[in-house]
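Just so you know, all these numbers are worked out from the coordinates, no wet-lab data involved. All values reported here derive from a predicted model rather than from experimental measurement. Methodologically, a virtual Cβ is constructed for each residue, glycine included, from the backbone with ideal geometry; neighbour enumeration extends over all protein chains shown.
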Amino acid sequence: MLLIASIISLFVGVADISIADIIKGQDEGIFLIGISRIPRTIALILAGIGMSISGLIMQQLTQNKFVSPTTAGTLESAKLGLLSGLLLIPTASEAVKMMVAFLFTFLSSLLFLNIIRKIRFRNLVLVPLIGLIFGGIINSISTFLAIKRNMLQDANSWLIGDFSGVLQGRYELIYLSLPSILITYLYASRFTVIGLGKDFSKSLGLNYSMVMNIGLFCVSLTVSTVVITAGVIPFLGLIVPNIVSMIYGDNIRKTLPLVALTGAIFLVICDIIGRLVIFPYEVPIGIMVSVIGAGIFLMILLWKR
């Protein structure tokens, strides 16, 4: 499915390019696919894999299936970090701005985990509700700073994920998410044990704090690179791990490749639909994922209840 969706993604767009054009060696078609379509498809696949795995890690760390970068303030923190980087060091490179976004994301994730640890009764819906409130506070700070610095339009554009501007030379930063994906696979068994609780993990001799920090590092690095590259993509890290765990269980080493593949397929298909639904114009992928993801999330909520 991922292979088929990726091939379709290469030939869907305003510019009419066919496989015959590529076979004939038409320079214009080959140039457009090389400069735009291939980078866009690669970025979609990596973002889908990264955001889905980030959601899976956060659900294990918090022991809550409804926690993800969308419902824990993680995406809002990355946006605040990116905005802060633009304000403090406007001439800095994309890599430096990503590091600032990474730092904000990592610290906010630590703060969120400390907040939910202090909650005595942590039912299934209360934790993500607190995460939404936490994210709303961070987003309000970002909005205030953006208004004061006359950057509100730029800040709002990051809220809507969009891959239409992904071109060769402007997406390579997303490859930095690959190390975090590899680390996640290497620590998959430890993340599975973390999901059983702090006391149980320590009784098995696991370094609980170290594994938690490694998990937050992977999430923060992935989310920062995706936000820098394409903006905020909501719900992806929430619904994909839940769907896979409903079918295959919670053994991360077993389900991690499935979560990665499902996330990539879901994001590529949403992008294709966004390019076709009001053709020749394009619906940003953030809106497409929000519409489809919100419906799936509601069904999961009702099913869980």
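Top mean-square fluctuation among Thr143, Thr41, Thr70, Gaussian network model of the chain, C-alpha springs under 10 Å? Among Thr143, Thr41, Thr70, the largest mean-square fluctuation in the Gaussian network model of the chain belongs to Thr143. Residues Ile38, Ile269 in ascending order of nearby Cβ atoms (within 10 Å, fewest first): Ile38, Ile269. A Gaussian network model of the chain, with springs between Cα atoms under 10 Å, assigns the largest mean-square fluctuation among Gly293, Gly249, Gly263 to Gly249. With the helix formula -39500 (n - 2.57) applied to DSSP H stretches of n ≥ 4, the chain reaches a computed 222 nm mean residue ellipticity of -23500 deg cm²/dmol.
Within the chain, the longest run free of chymotrypsin sites (Phe, Trp or Tyr not before Pro) that sit in a DSSP loop with at most 14 other Cβ atoms within 10 Å is 122-280.
With a 10 Å cut-off between alpha carbons and a GNM built on the chain, which of Gly205, Gly286, Gly169 moves the most? Evaluated over the chain, the most mobile residue of the options is Gly205.
I need to check one value: relative contact order of the chain, counting alpha carbon pairs closer than 8 Å and at least 6 residues apart, in percent. It rounds to 31 percent for the chain. The modelled label-to-label distance between Leu88 and Ser209, using points 7 Å beyond Cα along the C-beta direction, is 2.5 nm.
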